[in-house]
Amino acid sequence: MSARFPAALLVAGFAVLSLTPVAPSLVRDLDVVALHAYRPFAWALREVRERRLANEPNLPGGDEVVRALVDSARDRIAERDAALSDGAAMLPGKRSFALARVVSVDPRSRQLLIDTGNHVRASPGDAVLAGNQAVGMVDEVDGPFAVVKTPWTPRARFAAECGAGEPDDPRIRFVTIGEARDEWLATVSSAEGRLATARVLDVKSADVSDLVPASTGLLPSGFFFGTMEADLKTAKTGLQTYCVRPIFDPRLLDAVVVVHEGPFETIGDEDFSVSTLDRLPTAQLSAWREGEALTGAGAGAAPRGAPVVADDILLGFVDAALLGAAKVRGVTDPGQEHTFLVLGDASSRTIVCVSERRMPHGGAFRYLGGGEPPRAGEIVVTAGRGVHVPRGLLVGQVMRSDGDAFEVSRPPERPWRPVEVMRRSAEPRSGFGP
Amino acid sequence: MRFVLFVVFTAFLLFVQGLLGRLTTLAPDLGPILAVYVGLFARRETLPWAITVVALLRSSLDADPLGVQLLVYLLLAGMVDLARDVVFRERLATQVVLSFAAGSVYVVLKWGLAATLPASIAIASPSLLKLAFATLSATLLAPPVFALLRLFRAMP
């Protein structure tokens with residue numbers, strides 16, 4: 001037998017073993033075998049790029065402008081959070097409330113996964129509000145994460161009422177039942193005949209404590225959650241029934257307020273942990289042309305979907321990670337759907353958009369839905385979708401918009417600078433979700 | 001000495017490829033043709049070690065795990081080694097055809113592995129156009145690269 005076969009088997013065995021989790025990180029740490037001859041070229045190119053960046057139409061002014069944008073975004077998010085908490089702050093009694101990030105919205109079950117942070121812990125039955133709107137009720141809790149059942153969750157029941165209580169506009173109480181239809185709606189049980197009107201009625205959460213035991217979780221009364229109208233689907237059958245449609249789009253919520261009877265249970269440590277990583281020498285030369293950054297040792301601990309940040313700017317999200325390196329998909333790489341917060345002078349709103357292409361100064365996006373397309377000058381930040389993504393990471397500033405298309409101006413990339421990978425310090429257990 | 005020369009020339013060629021790849025949009029991939037060179041001209045007892053060197057150096061150019069590179073290049077060199085006794089390895093046509101065949105197998109393997117391996121073993125999946133260009137251009141470069149390596153007796 002030729003000598004090459006045992007050697008080939010040895011090499012193949014080593015190759016297979018190196019792909020298993022038991023392989024030492026050294027075997028897969030690409031930095032160890034990187035061609036360090038790249039380094040002088042990387043340094044030379046860095047100098048060339050630094051000079052060229054000064055003439056590119058990125059956010060002018062460099063770090064000062066970026067710092068001002070980050071501060072401005074932080075202030076506007078604080079205003080938005082204050083407005084979200086308005087309704088909860090007005091509630092009587094010994095209730096405490098806390099802001100929670102919306103991690104994901106399941107369009108099938110119409111439930112939300114929220115993250116209350118490490119400082120408070122929600123309980124099943126807690127009401128979930130957004131300003132003067134009722135969003136739903138906490139159904140299940142896993143550490144800081146909670147699943148929220150909405151009135152549009154199939155078979156979910158919520159007490160509601162409509163009418164102002166005037167003689168010509170009597171108050172009517174009823175129960176809404178979530179329907180499993182294509183659109184988000186709930187039908188109304190035992191609606192009285194006098195509802196047979198062409199008017200669209202506002203529906204509010206109702207106080208039915210006189211009908212159900214006190215142990216039942218109830219939404220505080222007086223919070224709007226939809227409008228009631230005749231159900232056209234059942235009208236064809238000769239029956240006159242009514243349905244409730246959401247007054248806002250729950251899919252576009254970025255944060256909600258959890259209301260708890262009495263004080264919250266507190267845990268008390270940092271919500272997000274940050275690890276600083278160097279990029280591989282070869283990444284310095286790629287300059288994000290492929291939309292991927294290769295980070296150095298320790299990157300394998302980065303979870304998929306974790307945001308990668310440099311100088312408070314969102315660069316992208318971890319796409320895949322090895323023990324010693326991570327692939328990062330840039331935020332402007334084409335074909336990715338993002339949920340962003342658009343912060344304007346007068347209003348802020350959540351939008352869904354898709355990245356279309358990278359540009360020298362940032363990226364082009366297409367607006368898919370949400371409040372309204374972004375306008376020039378508005379600041380775009382992350383809405384906090386995803387377990388590991390905090391709200392408010394700066395994406396850039398809208399430079400121009402034309403219909404649904406808009407361009408975001410971003411600070412110039414500096415691939416030689418280290419990056420930070422963020423991750424939520426707690427994660428929901430496997431399978432826990434809406 | 002000849003093995004050391006082979007390592008030096010392989011490092012140089014892959015370094016040039018890496019530099020071209022970073023500075024231009026499309027660049028030839030010399031990995032498969034180096035595997036063909038090893039399969040055709042290496043002494044048989046040193047073939048696995050020569051392929052290990054190629055895979056080690058090639059793995060520094062992208063984020064694909066070393067193990068995947070090793071397996072792919074070992075397979076390519078093994079296939080060429082099987083054909084070595086029934087072809088005229090000095091002929092340009094043989095070198096070009098085998099390089100093209102190895103490049104095609106390389107493209108299929110790379111795409112197949114990217115689609116089938118679990119996400120924990122992350123493999124970059126470049127566009128088919130890029131892979132095809134890299135393979136075709138490398139095929140055309142095979143005779144001069146082989147000639148260069150043989151001129152300097154860089155023989156594993």
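The values are calculated or read from the model by the stated rules, or taken from the named source; none is laboratory data. The structure presented is a predicted model; accordingly, all values stated were derived computationally and were not measured. Glycine also receives a Cβ, built like all others from the backbone with ideal geometry; neighbour counts cover every protein chain displayed. Heads up: the accessible areas ignore ligands, DNA and RNA and are worked out on the full protein's heavy atoms, side chains in. Shrake-Rupley method; radii C 1.70, N 1.55, O 1.52, S 1.80 Å.
Summary of computed values
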| quantity | calculated |
| --- | --- |
| R0 of 45 Å, Cβ-Cβ distance A:Arg95-B:Leu140: FRET efficiency to nearest 0.05 | 0.05 |
| Whichever lysines have a C-alpha closer than 27 Å to that of B:Lys110, once near sequence neighbours (fewer than 8 apart) are set aside | A:Lys327, B:Lys130 |
| Residues in the range A:352-383 reached by a label modelled at A:Ser104 [backbone nitrogen below 17 Å; 7 Å Cα→Cβ] | A:383 |
| Whichever lysines have a C-alpha closer than 29 Å to that of A:Lys94, once near sequence neighbours (fewer than 8 apart) are set aside | A:Lys149, A:Lys204 |
| Shape call, chain B: gyration tensor on alpha carbons, a/c limit 1.5 | rounded |
| Within 10 Å of each Cβ in B:50-57, the average number of Cβ atoms from other chains | 2 |
| Lys, Arg +1 and Asp, Glu -1 on Cβ, resulting dipole of the range A:345-411 about Cα centre, debye, nearest 20 | 240 debye |
| A:Met359 paired with A:Glu337, simple spin-label distance in nm, labels 7 Å along Cα-to-beta-carbon | 2.4 nm |
| Protein heavy-atom accessible area occluded, A/B pair - total, 1.4 Å probe, Å² | 2900 Å² |
| Potential lengthening between B:Val86 and B:Leu128 on full extension [0.36 nm per residue; Cα-Cα distance subtracted] | 11.9 nm |
| Leading residue at positive end of dipole, chain B (Cβ point charges), from B:Phe41, B:Val107, B:Leu136 | B:Phe41 |
| Relative contact order, percent, chain B [alpha-carbon distance under 8 Å, six or more residues apart] | 37 percent |
| Within 10 Å of each Cβ in B:65-76, the average number of Cβ atoms from other chains | 5 |
| FRET efficiency, 1/(1 + (r/R0)^6) with R0 35 Å, evaluated for A:Ala180 and A:Ser123 via beta carbons | 0.80 |
